[in-house]
Amino acid sequence: MFNDIGPLELVTIIVLAVLVFGPDKLPKVIQDVMRTVRKIREFSESAKQDIRSELGPEFKDFEFEDLNPKAFLRKQLDNDELGLKEIRNGFDLKKEMAEVTDAVHSRDSDASSSSSSSSSSSSGGRIDMTKKPEKPGDDDRPPFDADAT
């Protein structure tokens, strides 16, 4: 619960508790706090048991920790029934990025240009991303974007 409290913070809390409550009342205050924490835990456990009994036998293995979105996603993604590990292992990011880079820089366009020109005419106006853009003429101005400057 308080995993991030360091030794300096703990000493500070103890000194403040002694100063606020005094050394005579401090043991009684600690007992009262512990009794309250125990009651809260008992109340939450009884509420969980009531909810489980109301849900019925089909939810007997229901865990309330699964309601935490992070825990739920972690549990679902660790489940191997989905086959995510095979998908992750079969996907080669470097190969895919190399193919995209080659397409952008129009490498190997000699072999694909003849097939892509015939496919672009039959595809009904599809843009060929492997072709190099045409060079603008001397009197053509590049497009101006006022928001980009």
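Only the coordinates and a few stated rules stand behind these numbers; no lab work does. It should be emphasised that the depicted structure is a prediction, and the values quoted were computed from it without experimental measurement. Cβ: placed from backbone, ideal geometry, glycine included. Neighbour counts: every protein chain shown.
Quick notes on this one:
- HN-Hα J in Hz across segment 92-101 - Karplus 6.51, -1.76, 1.60, θ = phi - 60°, x for Gly and Pro: 9, 5, 5, 5, 5, 5, 5, 5, 5, 4
- Dividing the radius of gyration of the alpha carbons in segment 1-56 by their Kirkwood radius gives 1.21 for Rg/Rh.
- J(HN,Hα) series, segment 65-77, from Karplus relation 6.51 cos²θ - 1.76 cosθ + 1.60, nearest Hz, glycine and proline x: 5, 5, 6, 6, x, 5, 5, 4, 5, 4, 5, 6, 6
- Using equal-weight Cα scatterers in the Debye expression, the normalised intensity of segment 1-100 in log10 at q = 0.14 Å⁻¹ is -0.86.
- Sites L77 and M97, calculated FRET efficiency, Cβ-Cβ separation with R0 22 Å, nearest 0.05: 0.35
- Using the Karplus relation 6.51 cos²θ - 1.76 cosθ + 1.60 with θ = phi - 60°, the per-residue 3J(HN,Hα) values for segment 35-43 come to 5, 5, 4, 4, 5, 5, 4, 4, 4 Hz, with x marking Gly and Pro.
- A cut-off under 13 angstrom between Cβ atoms defines the neighbours of R41, and their net charge, with Lys, Arg +1 and Asp, Glu -1, is +2.
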